[in-house]
Amino acid sequence: MTLRAPRDPGAPVSLSKNGDRSPVARDDAPYLELAGIRKTFGRFEALKGVSLDAARGELMVFLGPSGCGKTTLLRIVAGLESQDEGRIVQGGRDVSTVPAIGRDYGIVFQSYALFPNLTVADNVAYGLVNRRTSRETIRSRIAELLKLVGLPDAGPKYPGQLSGGQQQRIALARAIATSPGLLLLDEPLSALDALERVRLRGEIRALQQRLGVTTIMVTHDQEEALSMADRVVVMNAGRIEQVGTPREVYEKPATPFVADFVGKINVLPAVAEGSGRFRVGSVSLALDHRQDIAAGTEVKLYLRPEEIGVHVNGHAAAGALAAKVAKVEFLGAFCMVGIALDAAGTPSLVANVPRQQVDAGRLEPGTAVRVSLPAGAMRVLS
Amino acid sequence: MHWHDRLAQGLLFACCAALALFLIGPLLMIFVKSVQDKDGVYVGLVHFREYFATPELQQSIRNTLFVATVVTMVTVPLAFTFAYALTRSCMPGKGTFRVIALTPILAPSLMAAISFIQWFGTQGLLKGLLAGASVYGAIGIILSSIYATFPHALMIVLTSLLLADGRLYEAAEALRTPMLRRFFTITLPGAKYGLVSATMVVFSYTVSDFGIPKVIGGNYNVLAVDIFKQVIGQQNFNKGAVVSLVLLAPVLLAFIVDWFMRRRLQAQFSSRAVPYVPRRSPGFDRAMLVFCSAVSVFMLAVLGMAVYTSFIKLWPYDLSFSLRHYVYGLIDAGVIVDYFNSLKMAFYTALFGTLFIFAMAYLLEKTRGMATLKAAVRLVVTIPMAVPGLVLGLGYIFFFNHPDNPLNGIYGTMAILVLSTVVHYYTSSHMTAVTALKALDDEFESVSASLKVPFYRTFFRVTLPVSLPAVLDIGRYLFVNGMVTISAVVFLYAPDTRPASVAILNMDEAGEIGAAAGMATLIVASSTAVCVLYAIVTRYLLRRTQAWRAAPRP
Ligand SMILES: Nc1ncnc2c1ncn2[C@@H]1O[C@H](COP(=O)(O)OP(=O)(O)OP(=O)(O)O)[C@@H](O)[C@H]1O
Ligand SMILES: [Mg+2]
């Protein structure tokens, strides 16, 4: 069974339906293209020229702090908000000025927006009914969708009788009922408790991959973004900071903002000394991969806490620095260890150390340790 | 632009045109007429100068302000105490007290005046209580107005007291705040907006009402009656326009004060407030019971006297039961037709008014685009609240009786009565509709667009059914007011569309108090029937269409 059914839910299944609008659209052409999108509200510039491509079938996540314009961008893609400038091409068709009702997408809102006076079945069927589909077909489609979202018996209930997570699943079923080419999710999980959130995360991702529907999801939860996305779009103040796979965004942040926003990170102010050497306080570090930075340039070095090696009893690798534990904070599997380097002028660091290692090394404030800062894991940004 | 959006915009434009035609146009005509002479020649401020040079008319202004001030100073504290008793005490019979206190809304204001004449007039049972003073004049107007305005003030204050957050009281108690201090630091500030609003409503109502002073005012002149005399008595429409503007001034002032207060106090209540639950306090509860009983006796005495008068032969000489006022005074005299006119008018007002008002509110709140026009409309729909019925009615004469107006065909028809009544009671109904619509998820329209469902389908399948309680509430409000309204329609009726409230006025003038009381009784009975019907419908019929409201959670 595949649910990637075309417009008419009764008709045979065809996966290439988004292509049939535009015969020229090749498979490697992006399904959705945004070019130079600008939007202002009064004098406030909410989007300052956003360009972006989404490949067919990919799950793209917009990630950014509150107010950075994620929802605005999503609503522009949906045609619920009109951009001041810029072009939107979906499935080879320029939809820049097409109103919402003329575009091809399904949407799920943070509030679910389920119709409270209609049963779950009627909610799911809401977009099917006016498409001259036989009642029998609609009924079987509803059953299929409800089964797909794991609530096969919810049909006759009212939304008010369901839990938040169940309502979210119904909203999802309603959005994919008409087999749209594009699925838009605006913070779909933020109203749920932590456990339900993690469970639905996996379910949505699995469903999306099974349907192969191009999907854009908005969130400000980085863990959600990293765990679900094919590609993450990190946004800040109306601009895109970086587009990349979750690993790229985490391991190779392109800007200080991305480094700061995605995950925890240590920041070390440094001065380049030329030929790949950088001075942090009284310590000089060799980063062979950044020979290109001219001597005297002020830069910042970024290092994830889990990359820092903390050693007791002199087993340290060459080049490890002498330091003292300043603080140990228990976080479960890991402990966050605050470290003060003995070298003058260096800022203190935070390292993630597995609990067993903390116990084995008897790490506590005042313990003398040696730390290694792996050059390969260090990002240099100015 | 998609044709759906065009349709929505077209509808909004049509609604705006209707508002301009039936509200703005007539009001502007008043300004125009006030600076013209009989033949339409511009004369500047001559009428105003003449007006302010006439001592009797100046006296009217003083009288009007005096009466309105006294009524406000009595009614608002009474209503506050009553509302306080209903929300903060554990006295028995709260539901009954509330219903009794709201009964004056069901009757035309004239009825109160007739009742007070029966009680305190020349033949009155309690005439002695006035110690020689005559009820005809300031005393009668004040008493009747207190009766008529009480429920309006009560509803406003009650709402603001009900909104109070119980957690504040719990916090105060935890801090061992004394009862009196709690009252002044939590209760009063919380009810401040309600009190100001009630003050403005009572003041405006008293200033604008014309039925009461007409019946019981005697030689005590007030502005509302002056307009009536100028227009109906002397056929001096331009002078009438001038008095209208003078009358509009204090009401407009009240309205503006209210508007500013509302803006300032908007954010006061958090939506997560926990309702306050009163606790027993025998002394306090008993005092409140005595107070509410006294007010209720007053209410019932006024209503009861009118009903009683209609069922006896002749007050106070022959008190035997009789239907003669109904049979001879109303049916045989042909006046009963007026009652059916009123029923028809109230019905049409409720039907078309609800449709229009709800549709307009929907277009304003739930469609996209045209932000500037919408902002203007939001302001315009608050105007009717500030326009006394007499002023509106006079504006309708000027506007629709104008030979050049292509719509002057509606002059003298039922349509103009219905239109003026809808406009007169527009603001509250609009507020009810907007509140209901704001409670709906903003994304319903977005979801339907994404599912390619036209907005009007979602309106009929979701928005309207979910808002049904509010829609019915608006319908009931318009019906009840359509039954009792007099001030706007008194200038606009034709012999064959004369409403019951005007008939009461005429019968009272002809000395047929029994028949007038009978008509008032019929009105009260009809409005009560509609309210009972409303209660039944909301409880039982809605249980089916709104099953989702009652649906139990897992
Ligand atoms: N209709 C509007 N009128 C005025 N300003 C708006 C409007 N919609 C959004 N904004 C502003 O545009 C900016 C971006 O809003 P947007 O809703 O896109 O943020 P977001 O990234 O989705 O934030 P959040 O995570 O809080 O949902 C915000 O500063 C917001 O105040
Ligand atoms: Mg948002």
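Of the residues making up the stretch A:148-184, just one is surrounded by fewer than 22 Cβ atoms within 10 Å (Cβ to Cβ), among the polar types (S, T, N, Q) and under 23 Å from the mean Cα position of the chain (by Cα), namely A:Gln166.
Scanning the stretch A:201-222 for residues that are in a loop (DSSP other than H, G, I, E, B) and more than 16 Å from ligand 2 (Cβ to nearest atom) yields a total of 2.
Residue by residue through the stretch A:65-90, note down the ones that are in a loop (DSSP other than H, G, I, E, B) and at positive phi.
Within the stretch A:65-90, A:Gly67, A:Gly69, A:Gly79 qualify.
Is at least one residue of the stretch A:86-96 surrounded by fewer than 21 Cβ atoms within 10 Å (Cβ to Cβ), more than 8 Å from chain B (Cβ to nearest Cβ) and within 14 Å of ligand 2 (Cβ to nearest atom)? No - not one qualifying residue is present in the stretch A:86-96.
What is the residue count in the stretch A:97-116 for residues that are at pLDDT below 90, of a type outside the set (A, V, I, L, M, F, W, C) and surrounded by fewer than 21 Cβ atoms within 10 Å (Cβ to Cβ)? Counting residues in the stretch A:97-116 that are at pLDDT below 90, of a type outside the set (A, V, I, L, M, F, W, C) and surrounded by fewer than 21 Cβ atoms within 10 Å (Cβ to Cβ) gives 6. Scanning the stretch B:126-153 for residues that are in a helix (DSSP H, G or I) and either at positive phi or of a type in the set (D, E, K, R) (or both) gives a single hit, B:Lys127. Here A:Gly296 clears all of (1) more than 16 Å from ligand 1 (Cβ to nearest atom); (2) surrounded by 17 or more Cβ atoms within 10 Å (Cβ to Cβ) except the condition numbered (2).
Please go through the stretch B:432-444 and pick out each residue that is facing chain A (nearest Cβ under 7 Å) and either modelled with pLDDT of 90 or more or within 15 Å of B:Ala361 (Cβ to Cβ) (or both).
The initial filter retains those residues of the stretch B:432-444 that are facing chain A (nearest Cβ under 7 Å), namely B:441, B:443-444.
B:Phe444 - this is the single residue of the stretch B:432-444 that is facing chain A (nearest Cβ under 7 Å) and either modelled with pLDDT of 90 or more or within 15 Å of B:Ala361 (Cβ to Cβ) (or both).
Tell me, yes or no, whether the stretch A:39-59 has at least one residue that is farther than 26 Å from A:Arg174 by Cα, more than 15 Å from ligand 1 (Cβ to nearest atom) and of a type in the set (Gly, Ala, Ser). Within the stretch A:39-59 (the criterion being farther than 26 Å from A:Arg174 by Cα, more than 15 Å from ligand 1 (Cβ to nearest atom) and of a type in the set (Gly, Ala, Ser)), the answer is yes, since at least one residue qualifies.
Take the conditions (1) surrounded by 15 or more Cβ atoms within 10 Å (Cβ to Cβ); (2) more than 16 Å from ligand 1 (Cβ to nearest atom); (3) polar (S, T, N, Q); A:Ser140 misses just one of them, which is (1). Could we say that A:Ala225 is more than 16 Å from ligand 2 (Cβ to nearest atom), surrounded by 19 or more Cβ atoms within 10 Å (Cβ to Cβ) and either on the phi < 0 side of the Ramachandran plot or within 14 Å of another protein chain (Cβ to nearest Cβ) (or both) here? For A:Ala225, the condition - more than 16 Å from ligand 2 (Cβ to nearest atom), surrounded by 19 or more Cβ atoms within 10 Å (Cβ to Cβ) and either on the phi < 0 side of the Ramachandran plot or within 14 Å of another protein chain (Cβ to nearest Cβ) (or both) - is not met.
Which members of the stretch B:233-265 meet the condition of being in contact with a strand residue (DSSP E or B) (Cβ under 7 Å, 6 or more places away or on another chain) and among the basic types (Lys, Arg)? Passing the criteria: none in range.
Within the stretch A:127-163, the set of residues being within 11 Å of chain B (Cβ to nearest Cβ) and closer than 16 Å to A:Leu192 by Cβ comprises A:Pro159, A:Leu162, A:Ser163.
Condition first: among the polar types (S, T, N, Q) and away from ligand 1 (no atom under 13 Å from the Cβ). Now tell me which residues in the stretch A:60-91 satisfy that.
Let us first name the residues in the stretch A:60-91 that are among the polar types (S, T, N, Q), namely A:66, A:71-72, A:82-83, A:90.
Scanning the stretch A:60-91 gives a single hit, A:Gln90.
With respect to (1) within 14 Å of the chain's Cα centre (by Cα); (2) more than 18 Å from A:Tyr112 (Cα to Cα); (3) not polar (S, T, N, Q), the lone exception for A:Ile216 is condition (2). Here is a check on your reading of the model: is A:Arg197 out of contact with any helix residue (DSSP H, G or I) (no Cβ under 6 Å at 6 or more places or on another chain), away from ligand 2 (no atom under 16 Å from the Cβ), over 15 Å from A:Cys68 (Cβ atoms) and at pLDDT below 90? Judged against the criteria, A:Arg197 is a match. Tell me yes or no: at least one residue of the stretch B:445-455 is within 12 Å of another protein chain (Cβ to nearest Cβ), surrounded by fewer than 19 Cβ atoms within 10 Å (Cβ to Cβ), touching a residue at least 60 places away in the same chain (Cβ under 8 Å) and in contact with a helix residue (DSSP H, G or I) (Cβ under 8 Å, 6 or more places away or on another chain). Checked the stretch B:445-455: at least one residue is within 12 Å of another protein chain (Cβ to nearest Cβ), surrounded by fewer than 19 Cβ atoms within 10 Å (Cβ to Cβ), touching a residue at least 60 places away in the same chain (Cβ under 8 Å) and in contact with a helix residue (DSSP H, G or I) (Cβ under 8 Å, 6 or more places away or on another chain).
Residue check: B:Arg182 meets all listed conditions (1) in contact (Cβ under 8 Å) with a residue 60 or more places away in the chain; (2) surrounded by fewer than 24 Cβ atoms within 10 Å (Cβ to Cβ); (3) under 22 Å from B:Pro77 (Cα atoms) but one, namely (1). Candidates in the stretch A:56-85 are the residues that are away from ligand 2 (no atom under 12 Å from the Cβ), surrounded by fewer than 19 Cβ atoms within 10 Å (Cβ to Cβ) and among the small types (Gly, Ala, Ser); of these, the one that is nearest to the other protein chains (Cβ to nearest Cβ) is A:Ser82.
Would you check if B:Ser428 is in contact with a strand residue (DSSP E or B) (Cβ under 9 Å, 6 or more places away or on another chain) and without any contact (Cβ under 8 Å) to a residue 60 or more places away in the chain?
no
Per the conditions (1) under 21 Å from B:Ser450 (Cβ atoms); (2) within 11 Å of chain B (Cβ to nearest Cβ), the sole criterion not satisfied by A:Leu172 is (2). Screening A:Val198 against (1) outside any loop (DSSP other than H, G, I, E, B); (2) of a type in the set (A, V, I, L, M); (3) under 27 Å from the mean Cα position of the chain (by Cα); (4) buried (at least 19 other Cβ atoms within 10 Å of the Cβ) leaves a single unmet condition, (4). Summed over the stretch A:228-239, residues that are within 16 Å of ligand 1 (Cβ to nearest atom), crowded, with 21+ Cβ neighbours inside 10 Å and outside any loop (DSSP other than H, G, I, E, B) total 4. Picking from residues in the stretch A:92-128 that are part of a helix (DSSP H, G or I) and touching a residue at least 40 places away in the same chain (Cβ under 8 Å), the one that is farthest from ligand 1 (Cβ to nearest atom) is A:Ala125.
Sort through A:Gly296, A:Gly263 and tell me the only one that's part of a loop (DSSP other than H, G, I, E, B), of a type outside the set (A, V, I, L, M) and touching a residue at least 40 places away in the same chain (Cβ under 8 Å).
Details: A:Gly296 fails: touching a residue at least 40 places away in the same chain (Cβ under 8 Å).
Being part of a loop (DSSP other than H, G, I, E, B), of a type outside the set (A, V, I, L, M) and touching a residue at least 40 places away in the same chain (Cβ under 8 Å) holds for just one of A:Gly296, A:Gly263, which is A:Gly263.
For the stretch B:171-208, the set of residues classified as under 24 Å from the mean Cα position of the chain (by Cα) and outside any helix (DSSP H, G or I) is empty.
The values are calculated or read from the model by the stated rules, or taken from the named source; none is laboratory data. As the structure is a computational prediction, the values presented were derived from the model and not from experiment. Glycine also receives a Cβ, built like all others from the backbone with ideal geometry; neighbour counts cover every protein chain displayed.
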